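The structure under discussion appears below in the form of structure tokens.
What follows draws every value from the coordinates through simple rules; no lab data is involved. All of these numbers come straight from a predicted model, not from anything done at the bench. As a convention, Cβ positions derive from the backbone with ideal geometry for all residues, glycine included, and neighbour counts pool all protein chains shown.
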């Protein structure tokens, strides 16, 4: 039976991340990058597909937490005979790929089990495993080699070979310490020297604490905001600049179903929204890192811009199925790569331009190349803005004229105009102004349903979509506009399931997929923001408390929530969920401050003033 998603904690080194279960099993780890093949893959199969377990033999009462504002995981197991602490981390800042585990005896004695099972290639390739001489500090190490990959296991005591596994069982007594580490290195390179584990733990804690201390947010739900910011940092490759949507692939949106996707890549949309959250909280430097990554990734013909890229900016992400894996909770197929890479999603440039305009407003200067790339992309958008697309949710059904996509087209032109008017960059601003107005008229004429008193998901339906909640947040209409209020009411009525929002009604058939899905948590956090903007603070706080109650014991959350099963669903930890949590906290804080001043709250994207359009309420 699959371990519940919420029973996992994440650790990482800002180039990749591992998932560690409550019982002490590392069931997912891709090395050396987020989008590399996995070496421990039990998450999507069984222990035979690879894991690293260090945990008590007997039943235990287990509690865990991160050390301060870091991703150093501290787990305490209490059995009938004693207690042990296990410290798990991936050290930051040393340019290596190491997973460190420390076992400390706290009370009495505890019988511990150690199992190291390496399977490269997403659990398919059984490596050649051998005991090898290490460095002078090592008596010996265990190496696992296949192709380009080598894992090196070091430890105070090494497990023994046992039928394709390495196992050990021993007693840990109060006051005893045991250190273990697994290191990835290319198989043609020499075995790297051992780490000074104590100093790496201290340095990692200090580095994380210093980063978190730069957070400028003060307001309600601060602990959740800081942990979410740290999670966004965890999902950012700080060497290359790419920001992945999640650390995993194929954790199902529908248990036992086929809605299983690979999220270990860099969606321009998700990354842009992540940057907005970081910018609000004082992390301007992260924007430059990602902007430079963006320029490299999209360089070339604007027609060739993709919606997503590999962590290093690579373009080839072919989707394929791994038939040798049974999938999480028997959810098949397990997919790697993502076919949505070839989709047309017209909204993407809007999110990118919003994030980069926010960065300019906070003082980040454009390089000659970075603005040239943005200008070329906006000019290219001007040629095909009115074409149907796959939309925000990567619909695999027929292309549609999605209302949200058109709103974000408006935002792209609007932020490009600001770059010229407010920051002095060159661009075809007269044409952009004309197109901004045309797009606005198009949305108001075709995306609004008078009978329903709501905007609609696309121009050929009366269905609603949670993405319509972004209309006031990006400045397309002010929050008090009756059309905004009507849309919020319609979304509440049509998409609420057991107190949380769906993205859209799957029974409409718009996505071209079989099966159903659970409430999409980012949408509910959007609703919190919408409540805040429209002056419904009591409803906003009530929903925010329910949503924060879904975070697991270490403050992480997946993509969706199965209300009936009371469990998290979808890939984990999910950047989209955490960044919308941050946005909701800011919206509530700002609305409360505005209420005290007797003013309307500002929208999320008002680092510079919204330009009202003649004839529209302001």
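Annotations for the structure displayed:
- Packing rank of 238-247, 443-452, 550-559, where each peptide gets the mean count of other beta carbons within 10 Å, highest leading: 238-247, 550-559, 443-452
- Given [x] 13; [y] 47; [z] 20, the label whose value is percent of Cα pairs over 44 Å apart derived from this model: [z]
- Modelled label reach - residue 169, point 7 Å along Cα→Cβ, the stretch 96-119 residues with backbone N closer than 11 Å: 111-114
- Estimated at 0.36 nm per residue, the fully extended path between residue 61 and residue 460 surpasses their Cα-Cα distance by 138.1 nm.
- Per-residue Cβ neighbour counts within 10 Å put 465, 538, 292 in the sequence 538, 292, 465, beginning with the fewest.
- Between the stretch 439-477 and the stretch 11-68, the Cα center-to-center distance that results, in Å: 43 Å
- Hydrodynamic estimate: the Kirkwood radius of the stretch 237-597 over Cα pairs, inserted into Stokes-Einstein at 10 °C and 1.306 mPa s, corresponds to D of 76 µm²/s.
- Label positions at residue 139 and residue 177, each projected 7 Å from the Cα along the C-beta direction, are separated by 1.9 nm.
- The ranking of 78, 51 from fewest to most other beta carbons within 10 Å of each one's beta carbon is 78, 51.
- Ranked list, fewest to most other Cβ atoms within 10 Å of each Cβ, for 525, 128, 410: 128, 410, 525
- Considering helices alone, the calculated mean residue ellipticity of the chain at 222 nm is -10500 deg cm²/dmol, with DSSP H runs of length four and up weighted by -39500 (n - 2.57) and normalised per residue.
- Cα long-axis angle, helix 521-533 against the chain (0 to 90 degrees, to the nearest 10): 40 degrees
- The alpha carbon convex hull volume per residue for the stretch 43-93 rounds to 118 Å³.
- Cα-based helix-to-principal-axis angle, 537-548 vs the chain, degrees rounded to 10: 30 degrees
- Taking the longest Cα principal axis of the chain as reference, the axis of helix 429-446 is set at about 90 degrees.
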